[in-house]
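Everything below concerns the one structure shown next.
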Amino acid sequence: MRLTTKGRYAVTAMLDLALHSDQGPVSLADISVRQGISLSYLEQLFARLRQFKLVKSVRGPGGGYQLMGSTTEISVAQVVDAVSESLDATRCEGKGNCHEGEVCLTHHLWENLSEQIHRFLSDITLADLVARKDIRAVSERQNQRLLSAQHDNSHIAVSEIN
């Protein structure tokens, strides 16, 4: 059983958005640089997150994305569910046809595990993650990387003009 890249990236991007929500709308380009996720992939994920009313887009200069609700109201499970990720630990994707068209010996064990994982992620909000010191330390390092990249790009642009 594993969470796929789509689910991991969606949670990572939403956490990044939550960590920077006090600065107004957050651009996907900034999330892309900080998290190393392609901009086109983020656009696909945020289309789904917008459909599920977890984020809203703000157009115009200084635009980007904002959370639709409080970080205390958005759970990790909601984010994973929004991007259509399955946390199913069964081999049959919960269909019950895992052994010659019928339920296998351990089907209910893996089904129960899937339910436990979903419950676990339902109990973790973005606010819980934002409050963690280790996550905030990683975020600070990533912010420095973004500032450094922006600084390097401004020097390149100036030297090209001259």
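Condition first: in contact with a strand residue (DSSP E or B) (Cβ under 8 Å, 6 or more places away or on another chain) and open to solvent by less than 60 Å² (accessible area, probe 1.4 Å). Can you find one or more residues in region 113-121 that meet it? Yes: one or more hits. Of the residues that sit in region 94-137 and are among the small types (Gly, Ala, Ser), assigned to a loop (DSSP other than H, G, I, E, B) and more than 18 Å from the chain's Cα centre (by Cα), which one is farthest from Asp22 (Cα to Cα)? Only one residue fits best here, namely Gly101. Would you mind stating whether Ser84 is at pLDDT below 85, within 13 Å of the chain's Cα centre (by Cα) and either open to solvent by 100 Å² or more (accessible area, probe 1.4 Å) or farther than 21 Å from Ala29 by Cβ (or both)? Judged against the criteria, Ser84 is a match. For region 36-93, filtering for residues that are in contact with a Lys or Arg (Cβ under 7 Å, 6 or more places away or on another chain), closer than 23 Å to Asp22 by Cβ and part of a loop (DSSP other than H, G, I, E, B) leaves 1. Checking every residue in region 61-69 against the condition of being under 16 Å from Leu3 (Cα atoms) and modelled with pLDDT of 90 or more gives zero matches.
Here is a yes/no grid of residues against (1) open to solvent by 60 Å² or more (accessible area, probe 1.4 Å); (2) modelled with pLDDT of 90 or more; (3) under 15 Å from Thr12 (Cβ atoms):
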residue: Leu109; (1), (2), (3): yes, yes, no
residue: Ile124; (1), (2), (3): no, yes, yes
residue: Ala127; (1), (2), (3): no, yes, no
residue: Ala137; (1), (2), (3): yes, yes, no
residue: Val158; (1), (2), (3): yes, no, no
residue: Ile161; (1), (2), (3): yes, no, no
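If you filter region 25-60 down to residues that are under 24 Å from Ala149 (Cβ atoms) and among the aromatic types (Phe, Trp, Tyr), you find that the one that is least open to solvent (accessible area, probe 1.4 Å) is Phe46.
The values are calculated or read from the model by the stated rules, or taken from the named source; none is laboratory data. Everything numeric here is computed off the predicted structure, so don't read it as measured data. Reconstructed Cβ throughout: ideal geometry from the backbone, glycine too, with neighbour counts over all protein chains shown. What goes into the accessible areas is simple: the full protein's heavy atoms, side chains included, and nothing from ligands, DNA or RNA. Shrake-Rupley method; radii C 1.70, N 1.55, O 1.52, S 1.80 Å.
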